[in-house]
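**Q** What follows is a structure written as structure tokens; I'll ask about it next.
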Amino acid sequence: MSAGLALVFTPLFTTPRLSGHCPRPCTVTARRSFVGTVQQVAGATGAAVMVAPMSRVAAGVAAGVTAQGGAPIDGIAQGTSLAFLISAGLGVVTVVISLFVRRNPAEADA
């Protein structure tokens with residue numbers, strides 16, 4: 001995972017401009033602050049997106065299992081499995097989307 005992050009973030013820090021949205025050439029500091037902010041927001045959002053369904057499934061299954069005399073750990077296991085399945089699905093969608101990303105022809109000549 002660290003190698004993949006290195007392959008993603010190194011170009012983000014070294015591209016001339018952030019997708020052409022800067023009115024003037026952006027400095028390295030501006031790029032780093034932008035990427036850092038996006039990392040923080042995406043991390044918080046991702047945690048919430050994974051924990052919410054995991055907790056909901058875990059609570060529902062644990063209540064049913066406990067009523068039958070089982071251990072609540074089964075609910076936690078099923079909730080965690082759901083979170084991993086959601087993560088895997090989002091990963092597959094991301095890979096498919098990345099196949100359709102094209103380089104900007106104007107930047108290729110520069």
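The values are calculated or read from the model by the stated rules, or taken from the named source; none is laboratory data. Since we're looking at a predicted model, the values are computed, not measured. Cβ: placed from backbone, ideal geometry, glycine included. Neighbour counts: every protein chain shown.
**Q** When you go through Val65, Val28 one by one, which is the residue that is at pLDDT below 75 and either charged (D, E, K, R) or surrounded by fewer than 10 Cβ atoms within 10 Å (Cβ to Cβ) (or both)?
**A** Result: Val28 is the single residue among Val65, Val28 that is at pLDDT below 75 and either charged (D, E, K, R) or surrounded by fewer than 10 Cβ atoms within 10 Å (Cβ to Cβ) (or both).
**Q** When you go through Ala63, Ala47, Ala71 one by one, which is the residue that is part of a loop (DSSP other than H, G, I, E, B) and either of a type outside the set (Val, Ile, Thr) or more than 23 Å from Leu90 (Cα to Cα) (or both)?
**A** Ala71
**Q** Let me spell it out: the conditions are (1) modelled with pLDDT under 65; (2) assigned to a helix (DSSP H, G or I), and His21 meets all of them except one. Which number is the exception?
**A** With respect to (1) modelled with pLDDT under 65; (2) assigned to a helix (DSSP H, G or I), His21 is out only on (2).
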